[in-house]
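To keep things clear, I will list the structure first and then write my remarks on it.
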Amino acid sequence: VADRLNYETTDDDEENWDLCWSDLSVSADRVSRLKCFQLLNHFPGMLEICRKGPLSRNMQRMSQRLPSDYNFYPMSYILPDQLEEFV
């Protein structure tokens, strides 16, 4: 895809890049060092909403604080932590 869009791939130590596509999470420190034209495909803390366990935990917390606003998702259990509640 990079070739088809005329993007040039570079080494990790290169500082002047436009787009960084990674499978790894990114730190807030790295984001703070971005130049105005640089883009990442991740953001700090995204694992909190991209993984089922942390997303469910966060949704449960919000539904306890704002029950009328967070009643739109199905009951979820984080196993093995909530095994007794599940059974």
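The values are calculated or read from the model by the stated rules, or taken from the named source; none is laboratory data. Given the structure is predicted, the values throughout are model-derived calculations rather than measurements. Cβ coordinates were reconstructed from backbone atoms using ideal geometry, including for glycine residues, and neighbour counts include every protein chain displayed. Each accessible area value is taken on the protein alone, full model and side chains, heavy atoms only, with ligands, DNA and RNA left out. Shrake-Rupley method; radii C 1.70, N 1.55, O 1.52, S 1.80 Å.
Per-structure values
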| quantity | calculated |
| --- | --- |
| Subset tally (residues that are part of a loop (DSSP other than H, G, I, E, B) and surrounded by 15 or more Cβ atoms within 10 Å (Cβ to Cβ)) for segment 50-74 | 1 |
| Any chance Tyr77 is assigned to a loop (DSSP other than H, G, I, E, B) and open to solvent by 70 Å² or more (accessible area, probe 1.4 Å) | yes |
| Residue within segment 1-14 that is hydroxyl-bearing (Ser, Thr, Tyr) and open to solvent by 90 Å² or more (accessible area, probe 1.4 Å) present | yes |
| Of all residues making up segment 1-37, the number that are under 15 Å from the mean Cα position of the chain (by Cα) and of a type in the set (Gly, Ala, Ser) | 4 |
| Of all residues making up segment 15-29, the number that are within 30 Å of Asp81 (Cα to Cα) and open to solvent by 100 Å² or more (accessible area, probe 1.4 Å) | 2 |
| Leading residue by the ranking (farthest from Leu19 (Cα to Cα)) among those in segment 30-49 that are open to solvent by less than 80 Å² (accessible area, probe 1.4 Å) and not in a loop (DSSP other than H, G, I, E, B) | Val31 |
| Pairs, first β-branched (Val, Ile, Thr) in segment 66-87, second surrounded by 10 or more Cβ atoms within 10 Å (Cβ to Cβ), C-beta under 7 Å, six or more apart | Ile78/Gly53; Ile78/Ser56; Ile78/Arg57 |
| Residue list for segment 7-49, filter: of a type in the set (Asp, Glu) and over 29 Å from Met62 (Cβ atoms) | Glu8, Asp11, Asp12, Asp13, Glu14, Glu15, Asp18 |
| Single match in Leu5, Leu19, Leu55 (criterion: within 23 Å of Leu79 (Cβ to Cβ) and either touching a Cys at 6+ places or on another chain (Cβ under 7 Å) or not acidic (Asp, Glu) (or both)) | Leu55 |
